Amino acid sequence: MNLSEIQDLYSKHLIGNYTRLPVAFVRGEGCYLWDTAGKRYLDLIAGLGVDGLGHCSPRVVAAVQKQAATLLHLHNNYYWEPQARLAQALCGKLSSMNDPRAFFCNSGTEAAEAAIKLARLYGKQQGGKWKLISLSNGFHGRTYAALSATGQPSLQKNCEPLLPGFTHVPLNDIGALERAFDDQTIGFMVEPVLGEGGIFVCSPEYLQAARKICDKHGALLMYDEVQCGMGRTGDYFAFQTLNAPPPDVIWLAKLLGGGFPIGAMVARNSVAQAMVPGTHGTTFGGNPTACAAALAVMETIDADGLIARTRASAAHLAKGLEALRAKHSQKIKEIRQLGLMVGIDLTFPGKPIFQRCLELGLVINVTHETTLRMLPALIVTNEQLDEGLAIVSKALAE
């Protein structure tokens with residue numbers, strides 16, 4: 001089918017809740033995509049961070065094919081090896097959490113929902129605590145509890161009434177965080193790097209203070225690493241890159257599945273024990289194929305040395321971004337980067353630049369009207385980063 005034929009089917013049969021660009025992709029390999037006309041694009045947003053090993057990563061594809069041909073799905077009243085091995089692998093990477101335990105679901109927003117529910121289940125055991133604090137401009141998902149925790153009124157508009165018990169505080173304001181706690185607060189939900197919010201980074205001092213404040217109030221420190229976790233910042237987890245204290249609860253998705261849908265919540269066992277049979281569940285979550293994909297992702301990160309490679313790529317990218325800012329100083333307000341997470345904040349709306357980049361063969365995206373966002377795959381080369389920045393520079397110059 002050509003683009004026009006696909007667009008016609010969309011207009012007739014899909015709900016119009018997405019703003020779609022006039023491109024239909026048919027194939028992906030590594031950091032490249034091809035459309036219906038055969039045009040090749042450099043992809044530096046990697047499926048909003050999902051395709052973090054590039055498109056169709058060989059180990060992930062092989063693992064999915066093998067597992068799908070053996071045992072595609074089971075529901076969670078039984079045991080299967082891939083889920084057990086994935087839990088072992090993730091908990092091993094998070095050993096600093098003190099006896100961590102994993103729960104698997106299908107997406108980042110489901111993982112956030114599981115974390116919120118766990119916090120409140122645990123809070124019931126701590127005298128009935130139930131309130132949660134999160135960041136203004138943060139993002140935790142589109143389902144109702146996750147949306148209530150998301151501190152962006154523009155995303156909540158016309159969805160009211162939201163769920164009660166959520167308070168939002170500004171980033172890196174220790175005093176505001178301290179004042180937001182009361183005797184009913186059970187947890188602080190925070191993205192170490194605000195991804196959808198425009199790549200804003202929590203300071204190490206802020207997260208260290210958050211740990212102390214949570215401990216003081218008997219509350220949980222809860223990290224949302226759906227976008228920033230799994231190697232993207234140059235460590236397995238962003239809180240490690242920031243030299244922040246380990247959390248009580250952390251949740252992941254996106255890069256974890258390498259393109260296959262999966263989410264995970266990990267909690268230290270003294271908290272996890274509040275989630276007993278009957279309190280939470282999922283039919284599809286942690287199915288054999290999803291777990292096989294995630295295991296292949298972790299195997300690839302370790303076997304191919306992608307943590308060290310990400311650090312080197314990030315250093316190269318930082319130099320290129322600095323040159324871009326110097327060249328377009330009147331058009332670029334600020335550049336924020338941690339590892340392979342980049343926000344280029346413009347002095348004007350970014351949609352025309354984003355669209356022009358697409359025409360020139362570069363896939364990125366724009367968030368909060370003025371911020372160009374890049375989330376390159378961990379396998380990206382320096383040459384591909386240079387190519388992408390050259391296209392952005394050309395678009396800005398025009």
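The values are calculated or read from the model by the stated rules, or taken from the named source; none is laboratory data. Remember, predicted model here, so these are calculated numbers, not experimental data. Backbone-built Cβ (ideal geometry, glycine too); neighbour counts: all protein chains shown. Please note that ligands, DNA and RNA were not included when accessible areas were found on the heavy atoms of the full protein model with its side chains. Shrake-Rupley method; radii C 1.70, N 1.55, O 1.52, S 1.80 Å.
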Can you tell me the 0 to 90 degree angle between the C-alpha axis of helix 288-303 and the longest principal axis of the chain, rounded to 10?
-> 70 degrees
Cα-based reach from LYS131 at 16 Å (exclusive), listing lysines while leaving out same-chain residues under 8 positions away | LYS117, LYS216
Accessible-area ranking of ILE174, ILE45, largest first, probe 1.4 Å | ILE174, ILE45
Using only Cα atoms, tell me the angle between helix 382-397 and the longest principal axis of the chain; keep it within 0 to 90° and round to the nearest 10.
-> 70 degrees
Percent relative contact order for the chain, counting Cα pairs under 8 Å at least six residues apart, stands at 22 percent
Quick one: work out the % antiparallel among DSSP beta bridges in the chain, nearest 5.
-> 65 percent
On the full set of protein chains, 1.4 Å probe, figure out the accessible area of ILE213 and give it in Å² to the nearest 10.
-> 10 Å²
Give me the distance in nm between label points sitting 7 Å out from Cα along the Cα-to-Cβ direction at ASP173 and LEU14, one decimal.
-> 3.9 nm
For LYS333, what accessible area in Å² do you get when you roll a 1.4 Å probe over the heavy atoms of the protein chains, rounding to the nearest 10?
-> 140 Å²
Considering the chain as a Gaussian network with a 10 Å cut-off on Cα pairs, which listed residue, GLY138, GLY127, GLY320, attains the greatest mean-square fluctuation?
-> GLY127
How high is the relative contact order of segment 297-360, in percent, counting Cα pairs under 8 Å that sit 6 or more residues apart?
-> 23 percent
Using a 1.4 angstrom probe, figure out how much accessible area segment 107-214 has per residue, in square angstrom, rounded to the nearest whole.
-> 39 Å²
Between ARG40 and LYS216, what length comes free when the chain is fully extended (0.36 nm per residue of separation minus the Cα-Cα distance, one decimal in nm)?
-> 57.9 nm
Karplus (6.51, -1.76, 1.60) ³J(HN,Hα), θ = phi - 60°, over segment 175-183, in Hz, Gly and Pro reported as x = x, 5, 5, 4, 5, 6, 6, 9, 6
First check a/c for segment 178-292, with a ≥ b ≥ c the square roots of the eigenvalues of its C-alpha gyration tensor; if it is under 1.5, answer rounded, and if not, answer prolate when a/b is larger than b/c or oblate otherwise.
-> oblate
Accessible area, probe 1.4 Å, largest first, for residues SER96, SER313 = SER96, SER313
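Treating the beta-carbon of each Lys and Arg as +1 and of each Asp and Glu as -1, no other charges, what is the dipole magnitude of segment 265-382 about its Cα centre, to the nearest 20 debye? Don't skip to the end; give the middle numbers.
Working: 12 positive and 8 negative charges, 92 e Å.
In debye, rounded to 20, segment 265-382 gives about 440.
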Per residue of segment 25-34, in order, report the coupling 6.51 cos²θ - 1.76 cosθ + 1.60 (Karplus, θ = phi - 60°) as ³J(HN,Hα) in whole Hz, putting x for Gly and Pro.
-> 8, 10, 7, x, 8, x, 9, 10, 10, 10
Taking 0.36 nm per intervening residue step and subtracting the Cα-Cα distance, what contour gain separates GLU160 from GLN65 on full extension?
-> 29.9 nm
Computed over the chain: longest principal axis from alpha-carbon atoms vs helix 58-68 long axis, angle to nearest 10 degrees, is 60 degrees
Give me the accessible area per residue for segment 7-93, probe 1.4 Å, as a whole number in Å².
-> 63 Å²
Farthest towards the positive end of the dipole of the chain, among GLY138, GLY263, HIS55 and with Cβ unit charges of +1 on Lys and Arg and -1 on Asp and Glu, lies the Cα of GLY138
Cα centroid of segment 1-41 to Cα centroid of segment 144-198, whole Å = 35 Å
Counting only protein heavy atoms and leaving out ligands, DNA and RNA, the solvent-accessible surface of TRP130 at a 1.4 Å probe, in Å² to the nearest 10, equals 80 Å²
Cα-centre dipole for the chain with unit charges at Cβ (Lys and Arg positive, Asp and Glu negative), debye to 20 | 180 debye
Would you rank ARG311, ARG59 by solvent-accessible area, highest first, keeping every protein chain in place and using a 1.4 Å probe?
-> ARG311, ARG59
Carbon + sulfur, % of accessible area of the chain - ligands and nucleic acids excluded, 1.4 Å = 54 percent
One finds the C-alpha centres of segment 85-99 and segment 339-365 to be spaced, in Å, by 36 Å
If you place +1 on the Cβ of every Lys and Arg and -1 on the Cβ of every Asp and Glu, how big does the dipole about the Cα centre of segment 169-218 come out, in debye to the nearest 20?
-> 120 debye
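For ALA312 and GLU299, compute 0.36 nm times the residue count separating them, minus their Cα-Cα distance, and round to one decimal in nm.
Values: separation 13, 0.36 × 13 = 4.68 nm, distance 1.99 nm.
That works out to 2.7 nm of additional length.
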